[in-house]
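Q: Here you go, one structure.
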Amino acid sequence: MTGLLAPLEEPRITTGNVSQDLEYAHRMDQADRMNLKFFIGAFHTQMRERDSIRLNQVLGYSKSGQIEKSRDKFYAAFVLHHNPKKDSSLYRKAHTLAQAAASDPGLTDDFQVQWLSKATYDRWMLSIGKEQEYDTQGGVSFELN
């Protein structure tokens, strides 16, 4: 219950270091999705607003050509694939970034990176009315540690 009352961290930071900013955006994206309050309808607007803030930050970095490292591409793709606009061009961009990250030899054994490449493809395909290939969309999963 305290999670419903606790203040949220800022949805983005600007440190002057793109890698740090993207890592933080990814971490907040995931933290928001694990926060119980966002499963309650009254908070859906706040979640979309927070997603939009992160989306705009990532799009700014992308437009200025600042997303160069493979890990940064992964972080950016994660934010883009949660775009509140449900814009298929953003899903395509997310897939392009995720695919680039997944093809990096240093990330071929990273499960999340490889999964995101497939998930962004499936989400993009569904957004343009096609079938998903990897069956990554349509369910909720929880990881228990």
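The values are calculated or read from the model by the stated rules, or taken from the named source; none is laboratory data. Predicted, not measured: the structure shown is a model, and the values here were computed from it. Cβ: placed from backbone, ideal geometry, glycine included. Neighbour counts: every protein chain shown. Please note that ligands, DNA and RNA were not included when accessible areas were found on the heavy atoms of the full protein model with its side chains. Shrake-Rupley method; radii C 1.70, N 1.55, O 1.52, S 1.80 Å.
Q: Go over the candidates LYS93, LYS69 one by one and state the one that is buried (at least 18 other Cβ atoms within 10 Å of the Cβ), over 27 Å from LEU8 (Cα atoms) and charged (D, E, K, R).
A: Checking each option against the conditions leaves just LYS93.
Residue-wise test of (1) of a type in the set (D, E, K, R); (2) modelled with pLDDT of 95 or more.
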position	(1), (2)
HIS44	no, no
GLN57	no, yes
TYR61	no, yes
GLN66	no, yes
LYS86	yes, no
ALA102	no, yes
THR120	no, yes
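Q: Which one is nearest to LEU55 (Cα to Cα) among residues in segment 12-29 that are hydrophobic (A, V, I, L, M, F, W, C) and open to solvent by less than 30 Å² (accessible area, probe 1.4 Å)? Spell out how you get there, then give the answer.
A: Initial filter on segment 12-29 (hydrophobic (A, V, I, L, M, F, W, C)): 13, 18, 22, 25, 28.
Narrowing further to those that are open to solvent by less than 30 Å² (accessible area, probe 1.4 Å): 18, 22, 25, 28.
Working: VAL18: 14, LEU22: 10, ALA25: 9, MET28: 12 Å.
Here the answer is ALA25.
Q: Residues being outside any helix (DSSP H, G or I) and not basic (Lys, Arg): count how many of those fall in segment 28-82.
A: So the count comes out to 9.
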